[in-house]
Structures are given as structure tokens and as C-alpha cells.
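For reference, the structure discussed in these notes is given below.
Read the figures in this text as sums done on the coordinates, not as results from a lab. Worth saying up front: this structure is predicted, and the values here are computed from it rather than measured. Neighbour counts run over all protein chains shown; Cβ positions are idealised from the backbone, glycine included.
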Amino acid sequence: MRFPKLNIPTASDVVVMHFEDLILQGILDPGAVIPPERKLSLSLGVSRTTLRDALAKLQTKGLLIQAESGIQVHNVFYIMIQKPLDSLYDVNTDDLLEMWTEMICSASELAATRLTPQDVISLKTIYQEIEDAYNEKPSTIEISQIKTLMNTIALSSYNFVLLQVIKFLNDLIFSSLDNNHLFKKQKTVINIIKALLTSIEKRNSHRSFEKTKELCNLILSPENTNIVSQLPKAYKVKAKQGQSNKTKLINTSYPQDTLIDLINRRPQALEAIFEFRIILERMTSYLAAKRRSEPHIQLMNEKLNSLEQTDKSKDIDPAIRDIEFHAAIASASGNEALQAIGHEMIAFFRRTTHGWLKKHDERLGSLSEIHQQHRKVLKAIKKSDPDLARSAMEEHLDYVIKMLHSFRIADQRTKISALRLQS
């Protein structure tokens, strides 16, 4: 019997994997400074030689960079999340706020199904701090406390893409908010937060989503005119910072390739990518139906007809036509921020799953099931039925995820059968 050769990781490889996991899980944020070598080696329980080798590998990958303050975690999420938005210097404030609200609500929805006992403690601790601030004389609910609450809910979603998007938007939006308009509605804020956290703890995902939306709408009420004038200015500052980071991105390894490699080696990370795509596209479908227009209907029809024609031609990559159809839906949403980040996410999704997508025709033959799902989404948009469009898109992408999962399992079985033949 022939035994396949084992690829045994070195001690430094194990340290590298550990750092990669910490970055993906949001435990090590972009910009975080790594502790001194001696302290870190003791903490990890490895020799300084092993640690030095691991840190060198992480810098070569582009996951860590050398900065004036020391070795920092590189923003490998920049290309996926922030870069698509950096071109929107004249971004519509309403578009960003609309996307932010959906992201926070989706995080609450996921947190209600995934939170751990420790997450419950963290959320209760934050609520107690907010309530204590309210009960003080004079009472002051701080915007910073609401931001901490939102970040903690995002952490409890256990989706690293959603977490990074929310953290980026929270930094942007909360820097443009002030406490003044909340002073008049503190009791209402307290009541909504209490109801929200109760819903999450009781694992009521639908109510968690709705209560979060209620809280976001209160925070972004018309009384807070400050955000309208300050947000574009704050965004431009961040965008310029992002542009200046491009030099660092070029001088290290290309983070998108690093991130794709990192994700492809972790099935759970791939699932987070799929899940975030559902969150994005169910919103674009909802808005496309809500803001229905004939020119966009015509464009979506054209793209879908073109996609369906790929069944009859071996010269056209159906994945490209699929992206064009979904991009047409994003365009119909009327939200530039969603379009920008959605386009990057769909392209990223394709790069991480391209090998499986190419085998689609070989394994399943006709794409008729997917075409029917596309038609269902388009029909809901034509009928101006946002809820139906949202659920139809979620159903479609759920199917795609299950399909890709079956491809991954089939690949594993193929490898096992090949080993059996060799034995």
C-alpha cells in the first residue's frame, strides 16, 4: 500500500496559523500593535527563534507590517471592504446610513442564533453601563457607549466580514454623531436597548432585527442634523487615509491574494463570505423592488436572458454572466455604497469558488434550477414586492451555498477514491 506524503507544519507554521485565526476572528484588529518579542514568545509558549520566523512569514504574506510604533496588523480587509467605498468621495450620506442600518440589523439577527454565555455577559455589562449613566445626575447616555454596544453585537454575529464592515462604518458614523439629540429621548433609548438585548438573549432573531432597526432609526433621527453635514467630511478624511495606505499594500504582498488563500484553507471562513453575500444581496433585491424602475427592469431582463443563453454556448463563462445579472440588481437598488462593496464581494466570492463553479456543468448538467430562482427574484422586483424579492434572493443564494458545499464534499470523496486505487 502507498501512503501519501504528510505535510507536517513547523512550529513557526503553527504560530502563523494562530495569528491568521486571530485576525479573521476579529481578535486582532487592523492597526493593532504586536507585543514585544520577549513578552509574546512567553505568552505563546514558543522560542524567540520560532516566533521571529513566524513574524517574518506573516510580514511576507502581508498580514503584518513594520510601522514606527512596532509591528502592526495590516488591514488585509482593505481591498474587500474599504477600498470599494474609497472612490465614493461624494458618497450619498443616506446610502451609507442605509447600508449601516442593514448591517447592524443583520448582525443582531445572527447574534440571536449564535451568542455564547460570555456574549450574554458582555452585552449585559454594556447595558448596565448605559443604564447607570442614565440614572446619574445629570444623566448622560454617551454615543461611545452605543458604539461599543454595536461593536459587541457585531462580534456576537461570528461573521468576520460583517464584523469588519460594521467596525469600519461605526468608526465613520459615530465620529459624526453627538449626544445632544439623545438627551431628550434617553428613556426611549434605554427601553429599546433593553428590548433588543432581551430579544437576542431569547434567541428571537426576527425581533432582534426589528428592535435594532428601531434603535438605528432613533439614532439617525432628523433631529441629529450634525451627521448630515459631518459624515461626508469624515468619510473623505478616511478615504484619503485609505488612499495613502495603497503604498503599503504594494510594498507588501498583495493582501487580496493573501486573504483568498487564507479563506480557502478554512471552510468556516468561506461560509462567512457566502453568508455576507446573502446579507448584501437580499438588501439590494429588497431595494430594487422598492424603487422599481422600467430602465432597470429592462437591464435585468437583458442580463438574465444573456445568462440563460450560456447553457447553449461552451465559449461563454456563465459565472461572468451571473455576476452581471446580480450587478444589475445592485444597480437597481439605487444605493451606491451597496453597489460598490457588493461588486467587490461578488468578484471575491467568484475567486474563492471559481474551481467549483467551473465544474458545475460537469456535475449537475443544466442550470435550470438556478435560472428558475433568478426568474423568481426578477418577478418579485417587477411586482414591486420587496419582501418577496428579499426572500427569493435568500432562497437562491442558500441553494448556491448548499451546491458549493456538495462540490467541496465531492472533491474530498474524489481524493479518497484516488487513494483507494493506489492502495
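Rank by packing, highest mean first: peptides 106-119, 193-206, with packing defined as the count of other Cβ atoms within 10 Å averaged across residues.
In descending order of packing, they fall as 106-119, 193-206.
Across region 30-146, Cα-Cα pairs more than 18 Å apart make up 73 percent of the total.
Exposure proxy check: 53, 257 ranked by fewest other beta carbons within 10 Å? The partial results should precede the final answer.
Numbers: 53 18, 257 13.
Listed from fewest to most nearby Cβ atoms, that is 257, 53.
Which pairs break 24 Å Cα to Cα here: 167/383; 303/376; 124/211; 147/187? Exceeds cut-off: 167/383.
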